[in-house]
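Participant: There's a structure below that I have some questions on.
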Amino acid sequence: MAQPDLTNEELLTTTRAVRKRLDFERPVDDADIRDCVRIAMQSPSGSNNMTMQFVVVKDDAKRAAIGEIYRQCFDIYKSMDGVYAGSIQKDTDVEQAQQDRVTSSADYLGQHMGEAPALVIACTAGRVDGQPGLVAASTMGNVLPATWSFMLAARARGLGTAWTTVGLMMEKELAEVVGIPFDEVQQVCLTPLAHTKGTDFKPAMRPDPDTIIHWDTW
Ligand SMILES: Cc1cc2nc3c(=O)[nH]c(=O)nc-3n(C[C@H](O)[C@H](O)[C@H](O)COP(=O)(O)O)c2cc1C
């Protein structure tokens, strides 16, 4: 497979949410997926107790079912003023243009999630519903870094991903499609996984670091 030749900095700054440039026609090798999970498992875990789980969905009917659930959730998301990307107004034309691109991209995935050759659901043992902050942060922290590592590893292999949580509006329905024991396992992210059309992704426009750093005091 032609892999992008990326420096560390390029890998970390160009791993984008890929939606319109996912190649739905080209299958993804199991060996590559396994390799991404192997790398993801090097991420930290509370008490060195690994609770992360990845459900990889390649079955046609299950992908279609997940895609339909995601579409329904996305329709609800679109009606949420102030939350939906397309309802957020930015201060400058340049920022608004970026926001419009994100909206168009997210809308596209809303309709096409199920067409990706593989879907990956990142999960962790234990649920966060009603838990104190420490427990919720620790439970989520056991899978979130791993999921981002998975995405970085995918990017290094010419594969695209897009972090999504909108589908969690119907987390129970998603769990039923693939047999996740909902009462014991928390889903945190659903991502499509596919080869990208081209590998030339750019760093996104982001605010200056000093706008979010608090030196010594908030
Ligand atoms: C917690 C979280 C939830 C997200 N949920 C969704 C989602 O449901 N659907 C989607 O299309 N993108 C989702 N995204 C991706 C963001 O929309 C994406 O990061 C943003 O558009 C900026 O694009 P970039 O990551 O390529 O810079 C999510 C990202 C995060 C971190």
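Participant: For the range 1-95, list the helices (runs of 4 or more DSSP H) that sit wholly inside it and hold at least 3 residues that are hydrophobic (A, V, I, L, M, F, W, C) and either surrounded by 11 or more Cβ atoms within 10 Å (Cβ to Cβ) or on the phi > 0 side of the Ramachandran plot (or both); which are they?
Facilitator: Values: elements: 8-14, 30-40, 60-78.
So the answer is 30-40, 60-78.
Participant: Test of understanding: among Thr217, Thr196, which residue is in contact with an Asp or Glu (Cβ under 8 Å, 6 or more places away or on another chain) and either more than 24 Å from Val57 (Cα to Cα) or of a type in the set (Val, Ile, Thr) (or both)?
Facilitator: Thr196
Participant: Further question: Kindly indicate the residue of the range 153-183 that is within 12 Å of the ligand (Cβ to nearest atom) and over 12 Å from Tyr70 (Cα atoms) and also surrounded by the most Cβ atoms within 10 Å (Cβ to Cβ) among those meeting that condition.
Facilitator: Step by step, filter the range 153-183, then rank; the result is Thr161.
Participant: Could you grab me the full set of residues in the range 58-116 that are of a type in the set (S, T, N, Q) and more than 18 Å from Thr191 (Cα to Cα)?
Facilitator: Ser79, Ser87, Gln89, Thr92, Gln96, Gln98, Gln99
Participant: What number of residues within the range 127-152 are away from the ligand (no atom under 14 Å from the Cβ), buried (at least 17 other Cβ atoms within 10 Å of the Cβ) and closer than 13 Å to Gln186 by Cβ?
Facilitator: Of the residues in the range 127-152, 4 are away from the ligand (no atom under 14 Å from the Cβ), buried (at least 17 other Cβ atoms within 10 Å of the Cβ) and closer than 13 Å to Gln186 by Cβ.
Participant: From the list Ile69, Ile76, pick out the single residue that is within 21 Å of Gln111 (Cα to Cα), at pLDDT 95 or above and touching a Leu at 6+ places or on another chain (Cβ under 7 Å).
Facilitator: Residue meeting the stated conditions: Ile69.
The values are calculated or read from the model by the stated rules, or taken from the named source; none is laboratory data. Bear in mind the structure is a predicted one, so any value in this text is a computation, not a measurement. Neighbour counts are summed over all protein chains in view; Cβ atoms, including those assigned to glycine, are modelled from backbone coordinates with ideal geometry.
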